[in-house]
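Here's the structure, in structure tokens; my notes come after.
The values are calculated or read from the model by the stated rules, or taken from the named source; none is laboratory data. Please read these numbers as outputs of a predicted model, since none were measured by experiment. Cβ sites come from the backbone with ideal geometry, for glycine too, and all protein chains shown count toward neighbours. Heavy atoms of the whole protein, side chains included, go into the accessibility calculation; ligands, DNA and RNA do not. Shrake-Rupley method; radii C 1.70, N 1.55, O 1.52, S 1.80 Å.
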Amino acid sequence: MYCDSPPHQPVAFELWKAVKKHNLTKRWLMRIIDERGLKYAQAVPELTVWCRVALNLWSSCSSRLSVHYSEKNLDDKAYRSIQELEEYAENTQSSLLYLTLEVLGVKDLHADHAASHIGKAQGIVTCLRATPYHSSRRQVLLPMDVCAQHGVSQEDFLRRNQDKSVRDVVYDIASQAHLHLKHPCLLRGPSTEVFLRKRFLLFFRRVSLEDYLKKIQRVDFDIFHPSLQQKNTLLPLSLYIQSWRKRY
């Protein structure tokens, strides 16, 4: 791919064109492959490496698919710690944001730093949003260290327990995502109109992440509350307002 000899496959060819046109950093693509691509290979061995990359790029950009394909791996293992979840999010979600910044032509240290935090927040929120789906399939991927801290077992989530201890686990994990979204680095950087417009095209996802965190707060961190599975019909309006105000 980086030696001007892409596989004779349509997806690989389009990726090769993107790499050549935007000079995409190989390290970000390799991080995605190392963290996720090999796990797909175990389930679908006939996929080529670059097909797996395309599948990851596509699924991570789709909120619905990210719920189905956000598992750290395919053997139903929970994250051992919140740090492990953040590391996984950094290697997948944040790497995708770094690549998107390169496609947009944004070369800025502050933007990279912001992308790291937003990617981590997105990984954490996706893990929370997917919890009802996973529990219906006898899976719990929430960080084990946070669960152990509050004396909560995986069985509590499988039974959709609504005790305070379960809500405390959700609160701690959601708070970590909130800290990333409120990091001071998201408020810094160049203020030129072109930069703000390009940056918003990338970081508008912060609006949807904050929307979910506000909703889960309103239901007192009941991760299984039916309202959390409903779409916010006003979200497009919120995105428009933030775009008009040139804020993300």
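Here are the numbers for this structure:
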| item | result |
| --- | --- |
| Violating pairs (Cα-Cα greater than 21 angstrom) within the set Lys182/Lys214; Lys107/Lys214; Lys20/Lys107; Lys77/Lys164; Lys182/Lys231; Lys164/Lys231 | Lys107/Lys214; Lys77/Lys164; Lys182/Lys231; Lys164/Lys231 |
| Using a Förster distance of 22 Å, the FRET efficiency for Thr25-Phe204 (Cβ separation, nearest 0.05) | 0.45 |
| Rounded accessible area of Arg31 (nearest 10 Å², 1.4 Å probe) | 50 |
| Table column - 3J(HN,Hα) (Hz), the range 21-31, Karplus curve with 6.51, -1.76, 1.60, x for Gly and Pro | 5, 10, 6, 5, 6, 4, 4, 5, 5, 5, 5 |
